[in-house]
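> Below you will find the structure I want to go over with you.
The values are calculated or read from the model by the stated rules, or taken from the named source; none is laboratory data. Source: prediction; values computed, not measured. Ideal geometry is used to build each Cβ from the backbone, glycine not excepted, and the neighbour counts take in all protein chains shown.
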Amino acid sequence: MVFGKDELALAADGPGTALLAGLVALLLLLAAASLNVAGTARAAETVSGGSGYFPPGTDASRGASNIILVYTGYYASGAGNWDMITALPYVAYGKMTPREPGQLPKIEWVDWFFDTYLFLGLQAPSGRAFDSPARSAPARMEDWQWYIDHLFEEGAQLDAFEAAVAFAKERGLGPADYRGKVIIMIPNPITSQRDFGDVDGDGKSESFATIGQTSKQASEARIKAVRWYVNQVLERWKAKQYQNLELIGFYWVEEQVHTSALSETPTLRTVADDLHKLGYILFWIPWFNAPGARNWRSYGFDVVIHQPNYMFNTRIPRDRLKEAAETSRTYGMGVEIEADSSILSSEAGRERYLDYLRAGVEYGYMQGAIKAYYQDARALQEAFVSWNPEVHRMYDATYEFVKGKFSEGFSGGGE
């Protein structure tokens, strides 16, 4: 992406790791992957000094602490299609348990992993964009409808995570009333869209542009489209009657506030007000120092998590993580942890990812901040089934970090 990281999620549109083969190789090689869990006291001490991070696990975030981004848009490879097998390593932590000599170890699902699952998409099969005019032509009503249908597809996506939580409970995780938290994206009603579709049956296609109408009329059209979408999602959610998932809020998918668009502020504020009346909250994850990030409360957002954008450009020094942490702490935001496919293919990529975790120890956000986890389409699942124990370590290290037990800082405390 020009500024953020979501553009990079489309780069994951390639062949996935063969699950069975990866698991077999993992079972054979896992003995070489060790976990370092010392140093928890150091992390706790960092946090005890106090910070202005948006805190994890409070009523303000409806209990969300560690939020995994689940990309469920259109990918030609099918990377946006989820089943219970691909969902399970995010819902629960899979640990290998040795057996007798000559036997393969078995996977035991020993703990819950991410507590919250954020479902989002970037493009529809039409190629039109859900988030930003920088990506492609703006999505239309039929694209938004496609995403709703895809999200609630029988046995997939939301159903897959419902089944994964149920499976983990069957394997002994509890309590029995545990529910994974869910956040669902709201597509951006992009202001260049002049022919969205007729959402209210009045015979006129909605326009979000200010060409031929006032900014107030454009805002009203954008709000009308979002209300239609949210109502559709809530109707489908109610019909599913999930027993293992809890819907806590929605996510504004565009990663910046378009401050020059006169319809932007009233649209965002009204969307937030609508959600509050329905009992939900509004999440947002802006790119590094994006417009609107520092005064996010004025737009009605309830929870904001800031992107460091360190992972994606090797010219950016590690100081970026400190700067991003300081910005998050100053303005009351959480921190996004970012991975891409390079954690699967290069030591440099893995080290860059681990820098985020080390920075969490150094700057206190491992335990002191709400966090979201970007991972291309599903890099952590690929790491879980990897043949390479160093790649698999990315899965284990992330689990340690989520649980506040990751202990590596930067060598010598340097920047």
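> What's the total number of residues in region 75-121 that are polar (S, T, N, Q) and part of a loop (DSSP other than H, G, I, E, B)?
Qualifying residue count for the region: 3.
> Hey, can you tell me all the residues within region 160-188 that are in contact with a Ser or Thr (Cβ under 8 Å, 6 or more places away or on another chain) and farther than 18 Å from ILE68 by Cα?
Matches in region 160-188: ASN188 only.
> Are there helices (runs of 4 or more DSSP H) fully within region 254-357 with at least 2 residues that are closer than 30 Å to MET394 by Cα and not hydrophobic (A, V, I, L, M, F, W, C)? List them.
Details: elements: 264-278, 319-331, 342-345.
Passing ranges, in order: 319-331, 342-345.
> Is there a residue being farther than 30 Å from ALA166 by Cβ, surrounded by 18 or more Cβ atoms within 10 Å (Cβ to Cβ) and at pLDDT 95 or above anywhere in region 232-243?
No, every residue in region 232-243 fails to be farther than 30 Å from ALA166 by Cβ, surrounded by 18 or more Cβ atoms within 10 Å (Cβ to Cβ) and at pLDDT 95 or above.
> Looking for something of a type outside the set (Val, Ile, Thr), more than 30 Å from GLU108 (Cβ to Cβ), surrounded by fewer than 20 Cβ atoms within 10 Å (Cβ to Cβ) and at pLDDT below 95 - is there at least one such residue anywhere in region 136-151?
yes
> Evaluate region 370-379: report whether one residue or more is in a helix (DSSP H, G or I) and in contact with a strand residue (DSSP E or B) (Cβ under 8 Å, 6 or more places away or on another chain).
Of the residues in region 370-379, the ones in a helix (DSSP H, G or I) are 379.
Next, from what is left, pick out any that are in contact with a strand residue (DSSP E or B) (Cβ under 8 Å, 6 or more places away or on another chain): 379.
Taking every residue of region 370-379 in turn, at least one turns out to be in a helix (DSSP H, G or I) and in contact with a strand residue (DSSP E or B) (Cβ under 8 Å, 6 or more places away or on another chain).
> Would you point out the residue of region 122-163, among those that are part of a loop (DSSP other than H, G, I, E, B) and among the hydrophobic types (A, V, I, L, M, F, W, C), that is farthest from the chain's Cα centre (by Cα)?
Residue satisfying both the conditions and the ranking: ALA137.
> Quick check on ALA359: is it among the small types (Gly, Ala, Ser), within 23 Å of GLY121 (Cβ to Cβ) and buried (at least 23 other Cβ atoms within 10 Å of the Cβ)?
no
> Moving on to the next point. In region 286-295, what residues are touching a helix residue (DSSP H, G or I) at 6+ places or on another chain (Cβ under 9 Å) and buried (at least 20 other Cβ atoms within 10 Å of the Cβ)? Even if it seems obvious, please write down each step before you answer.
Keep residues of region 286-295 that are touching a helix residue (DSSP H, G or I) at 6+ places or on another chain (Cβ under 9 Å), which gives 286-289, 292-295.
Hits for region 286-295 are PRO286, TRP287, PHE288, GLY292, ALA293.
> Just a yes or no: is a residue in region 387-402 outside any helix (DSSP H, G or I), surrounded by fewer than 23 Cβ atoms within 10 Å (Cβ to Cβ) and under 19 Å from the mean Cα position of the chain (by Cα)?
No: zero hits.
> Same structure, new question: Go through TYR178, TYR229 for me and flag whichever is surrounded by 18 or more Cβ atoms within 10 Å (Cβ to Cβ) and at pLDDT 95 or above.
The conditions single out TYR229.
> A follow-up question, please. Take SER341 and tell me if it is over 19 Å from the mean Cα position of the chain (by Cα) and more than 23 Å from ARG294 (Cβ to Cβ).
no
> How many of the residues making up region 194-229 are closer than 15 Å to LEU262 by Cα and either touching a residue at least 60 places away in the same chain (Cβ under 8 Å) or outside any helix (DSSP H, G or I) (or both)?
The qualifying residues number 8.
For every residue, the table says whether it meets (1) surrounded by 24 or more Cβ atoms within 10 Å (Cβ to Cβ); (2) among the charged types (D, E, K, R); (3) within 23 Å of ASP111 (Cα to Cα).
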residue	(1), (2), (3)
THR327	no, no, no
GLY364	no, no, no
VAL385	yes, no, yes
GLY404	no, no, yes
GLY409	no, no, no
